[in-house]
Amino acid sequence: MTMPIEAIIFYFFAAILVGAALAVISVRNSVYAALFLVLAFFTSAGIWMLLEAEFLAITLVLVYVGAVMVLFLFVVMMLDIKVEPLKAGFARYLPVGAIVALVMAAEMFLVLGAKHFGMERFPVPQPNPLGYSNTEELGRVLYTEYYYPFEIAAVILLVAIVAAIALTLRKRPETKFQDPALQIQVRKEDRLRIVKMDAEKRADQ
Amino acid sequence: MEFDILTLKPLLPELFVLTMACLILVADLYISEARRGIVHMMAMLTLVFVAILTMRSYGGAEQATVMVMNGTFVRDQMGDILKLAIYVLMAAVFVYAKHDLRHRKLFVGEYYVLALFGMLGMMVMISAASLLSMYLGLELLALSSYALVALERDSARASESAMKYFVLGAMASGALLYGMSMIYGATGSLDLLEISMAVRDLGSDDIVLAFGLAFLVVGVAFKFGAVPFHMWLPDVYHGAPTPVTLFLAAAPKLAAFAMAIRLFDLALGDMHIHWQGMLVFLAVLSLALGNIVAIAQTNLKRMLAYSTISHVGFMLLGILAGTPAGYAASMFYAIIYAIMAAGTFGMIILLSRQGVEAENLDHFKGLNKRSPWFAAVMMFLLASLAGVPPFVGFFAKLQVLSAVVDINLTWLAVYAVIMSVIGAFYYLRVIKLMYLDAPDTDEPINAPFDLKAVLTVNGLAQLLLTFLAGPIIAACGAAFGI
C-alpha cells in the first residue's frame, strides 16, 4: 500500500509538531522553549494548510509567530528566570505524575484509536471548487452564523485589556515626569535668586 | 441571509449590561476619587434596569423558549429566573463591597467594571445553547474573576491566590474544551439540541461520548468547586479581598448550575446513567471533605470555603437525580445558598475596620455584647447554612433530599444528612463564640446605613423566605415543567 502524498506531509508535520511541543516543556533554557513554541506554531500552520485552511494558517504565522512570540521572546530575555527552583520538586513528583500520565495516555489511546476515529468512519472531504476563497467563507460564517460567539470573544479581549491595565498601571511616587501646566506658569522669582555681594579685591594685588 | 433586528430582543439584558459596563469603564476616567460613589450608583442602576428588562421578557410558564443567533442563544424560564436571582445577589454584593473597598483603598471603577463583565459572562453561560457560547461565557466569567482576585496588587496573599486560580482554572478550561471537542467529534455539532438528537442515534454507550462527558464533568466540577476539583477554592476565598470573595461565592454558583443543566440534561440527557455515577462520586466526596475539614479551620473565610464545598455536594445531589423535581430542588438550593453565602461574607465586611479584616473566628467573639442585632443576623445566616428548621436552608435541603429518595438512592440521602449533622458543629461553634464568649474589643460597629439595612434584610430573609419562598419554588418547578 502506497501512502498518498498528503499522508506523508501530514506525518512529517505532525512528528515535528509533537517533538517541538515536548521540547517546549522539557528544555532548560526558556529562550529555547519559546523558539520551540515558534516551531510548533509553524508546523501546525503547515497542517492547517493541508486542510485547505489557508487564511487560518497564514494568520497563525503572522499573528502568533510574527507578533506574539517575538514579544514573548523579549519578555523571556528581560526576565531573569531561574530554572533550578522551578524544578525543585520534579524528581519527587515524577513517579506519581508519570503513572497518571501513562494511564491517561493509555485510556486516550483506547478511545481515540482507529476504531472510533478511523478513516472509514468519516467520509472523504470533497475538494473545494475552483475560485473558493477560504477567507471569504470564514468571514461569511463569522459574521452570520457565529456572530454571537464572535462578539463575546471580543468582550473577552476587552476584559483582558482592562485587567492587564488595572493590574499593572500604577503611579509611582518616585517616577519623574513633567507637568507642562506648571512649567509654563513658572516665574522668574521661582527659579532665579539674585545675590548682592560686594566686589572683592584680588588677594595678590 | 436576512437579518431582522427583532431577533436581538431576547438579548436585550445582555446588550444592556455590556453597554453599561463599557459606559462605566469610560465614565470612571472622568470621575474624581472623591466622587467614586457615582460609579457605584451607575452599577446599581444597571442592575435595576437590567432586572426590569428581564422581567419584561419574562412571560411565565406559557411563554415558549426562544432561540436566536443561529441557535447559540436561548431565552427560557430557567434562564430568566437565574438571571433575576443573579441581579439581586450582585446588588447585595455591590452594597457590601463598597464599605470594604474604601477601607482597602480599592474603591476603583475597575472593580465594578470587571464584576459587571463577570456578570455578563454568567448571563451568557446561563443562556448558552451551544458549546461555543457556553465556553466563551465561562471564559468571560473566569477572566474577570482572575483579575478581580489579583486586584489588590500590594497583597502577596491575593497575588498568590490569583496565580493559583489562574493556573488551575486554565487547566480546567483545557479539560472542558477537550471534552467539548470529543462531543463535537462524536456528534458533529456544537448545538446542544442537535447534540442531544445525535446522542439518541448513537446510543448512550458510545465510548467517545462517555470520554467527552468525563471531561465535561471535570470542567463543571471545577466551576462548582466540587471535590476532587476543589483545591483552588479555600486558597482563593482566603486570599482574595473580601469584596471579591463575596462576588465569587454568590452568583457564579448559579451560572455553574445552569451550565450543568444545559450540558448534562439538555445535551447529554440520554447519558444520565453515566453522569449520574460521576456526580454521585463528586457529591459523596464533597459532602465529606467540605464538612469535616471545615471543623479544623480557624479562619472564617476558609471555613466558609469548605462550607461552600459541602453545599456544592447538595446541589449536585439534586442534579444527579435527573428528574425535573431534582433539578428544581437543586436550583432552589443554589439560589438560597448564594443568598446565605452573600450574607455571611457581608458580616465579615461589617466587622472589618480600616486595616483589620474580621476574617478570624475570634473576631466574632462576644458579638452579642457589641451588637445584639447583628449577632442575631449572623445566627440566622449560620443556622440557615447548617439547615436548622425553621430557617429556609432546612427546606432547601429537604427538597433536594426528597428528590434523591424518589430515585431510590436512600443511602445517599441518609449519608447527606449525617454529613450535614457533622457540619452543623462548626456553624454552631461560631454561634457559641458570639453569644457565650467575652468580646476582645468593645469597639462599636461603624458601618454605613445601606450596608446595615441590606444585611438585616439578608438575615431576616433566612426566616421570612421559609414562609414566602412559595413563588420562588413554584418558579423553579415551572422552569422544569412541574
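The values are calculated or read from the model by the stated rules, or taken from the named source; none is laboratory data. Note that the coordinates shown come from a computational prediction; the quantities given were computed from them, not determined experimentally. Cβ sites come from the backbone with ideal geometry, for glycine too, and all protein chains shown count toward neighbours. Side chains are part of the model used for accessible areas, which takes the heavy atoms of the whole protein and leaves out ligands, DNA and RNA. Shrake-Rupley method; radii C 1.70, N 1.55, O 1.52, S 1.80 Å.
Couple of notes before you dig in:
- Kirkwood hydrodynamic radius of the stretch B:376-435, Cα pairs, Å: 12.1 Å
- Carbon plus sulfur fraction of accessible area for the stretch B:5-478, probe 1.4 Å, in percent: 69 percent
- Each of the trypsin sites (Lys or Arg not before Pro) that DSSP puts in a loop and that has at most 16 other Cβ atoms within 10 Å breaks chain A; the longest unbroken stretch is A:88-169.
- Estimated vicinal HN-Hα couplings, Hz - the stretch A:195-204 in sequence order (Karplus 6.51, -1.76, 1.60; Gly, Pro = x): 9, 8, 9, 6, 5, 10, 7, 5, 5, 7
- Loop exposure criterion: GluC sites (Glu not before Pro), DSSP state outside H, G, I, E and B, at most 14 other Cβ atoms within 10 Å. Applied to chain B, the longest stretch between such sites is B:63-482.
- Dimensions of chain B from C-alpha coordinates, computed as largest minus smallest value along each principal axis and given longest first, are 69, 57, 42 Å.
- Amide H to amide H, with H built 1.01 Å from N, residue B:388 comes under 5 Å of B:394, counting only residues 5 or more places away or on other chains.
- Cross-link partners of residue A:115 among aspartates and glutamates (Cα-Cα below 16 Å; sequence separation of 8 or more within a chain): A:107, B:205, B:206
- Along chain A, longest interval not containing exposed GluC sites (Glu not before Pro), exposed being DSSP loop plus at most 16 other Cβ atoms within 10 Å: A:53-144
- Summed over both chains, the accessible area lost when B and A associate is about 2700 Å², using a 1.4 Å probe.
- Rough spin-label spacing in nm, given labels placed 7 Å along Cα→Cβ, for residue B:19 and residue B:193: 2.8 nm
- Cβ-derived FRET efficiency at R0 22 Å, residue B:428 paired with residue B:157, nearest 0.05: 0.15
- Whether the stretch A:86-205 is rounded, prolate or oblate, judged on the alpha carbon gyration tensor where a/c under 1.5 counts as rounded: prolate
- Reachable aspartates and glutamates from residue B:369, criterion Cα separation under 18 angstrom, eight or more residues apart if same chain: B:437, B:440, B:442, B:443
- Shielding by other protein chains, B:419-428, mean Cβ within 10 Å: 0
- Residue-normalised accessible area of chain B, given per residue in Å² at a 1.4 Å probe: 35 Å²
- Gain in span if fully extended, residue A:75 to residue A:18, counting 0.36 nm per residue against the direct Cα distance: 18.0 nm
- Compared with the direct C-alpha span, the chain from residue A:185 to residue A:25 gains 51.8 nm at full extension, assuming 0.36 nm per residue.
- Atom-type composition of the exposed protein surface of chain A places 69 percent of the accessible area on carbon and sulfur (1.4 angstrom probe).
- Long-range amide H partners of residue B:130 with built H, under 5 Å: B:192
- Temperature 10 °C, viscosity 1.306 mPa s: under these conditions the Stokes-Einstein estimate for the stretch A:109-170, based on its Kirkwood radius over C-alpha pairs, is 98 µm² per second.
- Hydrophobic long helices, here whole DSSP H runs in chain B with Kyte-Doolittle means of at least 0.5 and Cα atoms spread over 24 Å or more along the helix axis, are found at B:37-57, B:77-103, B:109-126, B:131-149, B:156-187, B:207-224, B:272-295, B:300-321, B:324-351, B:410-436, B:449-468.
- Take the Cα of residue B:27, step 7 Å toward its Cβ, do the same at residue A:160, and the gap between the two points is 2.8 nm.
- The stretch B:1-49: chymotrypsin sites (Phe, Trp or Tyr not before Pro) in DSSP loop, at most 11 other beta carbons within 10 Å: B:3
- For the stretch A:2-58, convex hull of alpha carbons as volume per residue, Å³: 63 Å³
- Across peptide A:138-151, the average count of Cβ atoms from other chains found within 10 Å of a residue's Cβ is 5.
- Counting only the Cα atoms, the protein assembly as shown fills a convex hull of 269 Å³ per residue.
- For residue B:366, the residues 5 or more places off, or on other chains, whose built amide H falls under 5 Å of its own are B:434, B:435, B:436, B:437.
- Angle in degrees between helix A:147-168 and the longest Cα principal axis of chain A, rounded to the nearest 10: 40 degrees
- Probe 1.4 Å, protein heavy atoms only - accessible area per residue of the stretch A:80-205 in square angstrom: 92 Å²
- Candidate cross-link partners of residue B:223 among the lysines, defined by an alpha-carbon separation under 24 Å and a same-chain spacing of 8 or more, comprise B:83, B:164, B:253, B:301, B:397.
- Reducing the stretch B:64-91 and the stretch B:216-231 to their Cα centroids gives an inter-centroid distance of 23 Å.
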